[in-house]
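FYI, it's all coordinate maths here, none of it is from the lab. Everything quoted here is computed from the prediction, not taken from an experiment. FYI the Cβ positions are ideal-geometry reconstructions off the backbone, even for glycines, and counts take in every protein chain you see.
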Amino acid sequence: MSELFNPNWAEHGYIQVYTGNGKGKTTASLGLAMRALGRNWKVLIVMFTKGGHDYGELNSFCNLSPKIARNLTIKQAGLDRIVYAANKNPDDVKVIQEGWQLAKKAIQNDEYNLIILDEANIAIDLGLIDVDDVVDTLQAKPEEMEIVLTGRNAHPKIIQIAHLVSKIEPVKHYWDTGVIARKGIEY
């Protein structure tokens, strides 16, 4: 029997990766979070490299009905700025490592049905999270847990263990004409 065949596929959790240079990786994962919350799943979202409070999705999640909100935990594991290779510092390492340890514990303790590791691919690419630690943790995840990693530059080791990889590439983007990030659309 093929190792990919799973007669209980509806009860199995998979590892999904949304990567590439196009717009929509976080948006897709948060849409999945809303879908899961609508089915009464427990959801953890860890936002690596993203701090601050000026995100439309955070405003929306803060205003969910109490029935839905009780199943959602959001942890921001980033400072209030964009992290690049040239500007990362010890404070970035500290806050991102704290976020990874929270996520890792939640995975190991089977605390959620869906865990979204938003921009984890970037944190791994910048060396802020050890890729081998992530791979080991994901490979030992509970059978039913769904885990999503987003961000550009997904590491080949992450792609190899993932069950679904979507590479989102830009065909045309208004940023190329000088349009800056817009509140309500990009954040």
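Rounded, prolate or oblate: which fits region 47-103 when a ≥ b ≥ c are the square roots of the eigenvalues of the alpha-carbon gyration tensor, with rounded for a/c under 1.5 and prolate only if a/b beats b/c? Oblate.
Be a star and scan region 57-82 for residues whose amide nitrogen sits under 20 Å from the point 7 Å along the Cα-to-Cβ vector of Asn40. Residues 64-73 fall inside that zone. How much net charge surrounds Glu169 when only the other residues with a Cβ under 14 Å from the Cβ of Glu169 are counted, with Lys and Arg +1 and Asp and Glu -1? Local net charge: +4. For region 116-168 versus region 17-41, the spacing of their alpha-carbon centroids is 14 Å. Once the Cα-Cα distance is subtracted from the 0.36 nm per residue extended length, the Lys183 to Lys75 segment shows a gain of 36.8 nm. By the count of neighbouring beta-carbon atoms within 10 Å, fewest first, Trp41, Trp175 end up ordered Trp175, Trp41. Distances between placed amide hydrogens fall under 5 Å for Lys50 paired with Ala77, Gly78, all partners being 5 or more residues away or on another chain. Once the C-beta distance of Asn21 and Lys157 is scaled by a Förster radius of 25 Å, the resulting FRET efficiency is 0.80 to the nearest 0.05.
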